[in-house]
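Inspection log for the structure reproduced underneath, given as structure tokens.
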Amino acid sequence: MILPILNYPDKRLRTKANYVNTIDETIQILIKDMFETMYAKGGIGLAATQVDQHLQVVVIDAPDSQDEYKLLLKNRQKEPQKQRPLCFINPKIKKRYGQEKHTEGCLSVPNFQAEVQRYNHIKVEALNEKGEIFTLQATGLLAICIQHELDHLKGILFVDYLSKLKQKRLLEKTKKMTKN
Ligand code: NI
């Protein structure tokens, strides 16, 4: 089932997600629906927060290169190919280093992209959809995407890293678009 996505500046996007205690059928259905929603909208990652479910669940299927990502942003409406579906439950970043600037977009902030500085190497620990613990070393776009999605679980959006002026402009543009 494709779930409705909350759009910036919806206050519910600011909710801190709760720890998942048991991975039951409800969680598994949520994960399935989140993947379906992410692929349908042409996204490379989705946090449960964005579908108004305030649990520490993230799904990701990120291409390897920034070029592939730019192409994907251009063709948002086209359904991307499933490459490497990853699910993170109760994720935690254990190590991070290196800095990199990347252009980011977000399904909750339609028609907007901006450069954000992130770590380019991370080590993340989480549970998978079966409840098994795993660690993943990620670099490049995958690392960026993981950091972006984990931020959602804390109620943080990538636009929060922009200057106050840029945020104000975005808010005005969003208001205008909602009116039309
Ligand atoms: Ni996002």
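Counting other beta carbons within 10 Å of each residue's own, what order do Phe112, Phe35 fall into, fewest first?
Numbers: Phe112 16, Phe35 19.
Lowest count first: Phe112, Phe35.
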Rg/Rg_globular for segment 101-180, with Rg_globular taken as 2.2 N^0.38 Å and Rg from C-alpha atoms: 1.31
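Figure the gain on full extension for Lys94 and Thr178 (residue separation times 0.36 nm, minus the Cα-Cα span) and round it to one decimal in nm. Present the calculation step by step, with values, prior to reporting the outcome.
Values: separation 84, 0.36 × 84 = 30.24 nm, distance 3.94 nm.
Length gained, Lys94 through Thr178: 26.3 nm.
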How would you order 136-146, 44-54, 155-165 from highest to lowest mean count of nearby Cβ atoms within 10 Å? 44-54, 136-146, 155-165
Contact order relative to length for segment 11-179, counting C-alpha pairs under 8 Å separated by 6 or more residues, stands in percent at 24
Distance (nanometres) between label positions extended 7 Å along Cα→Cβ at Ile29 and Glu132: 2.6
Mind giving me the nanometre distance, one decimal, between the label points for Lys16 and Lys166, set 7 Å out from Cα along Cα→Cβ? 2.7
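How compact is the chain by the rule of thumb for globular proteins, expressed as Cα Rg over 2.2 N^0.38 Å?
Values: Rg = 15.5 Å, N = 180, 2.2 N^0.38 = 15.8 Å.
That ratio works out to 0.98.
A short reminder: the numbers here are calculations on the coordinates, not readings from a lab. Values in this document were obtained by computation on a predicted structure and should not be read as measured data. Backbone-built Cβ (ideal geometry, glycine too); neighbour counts: all protein chains shown.
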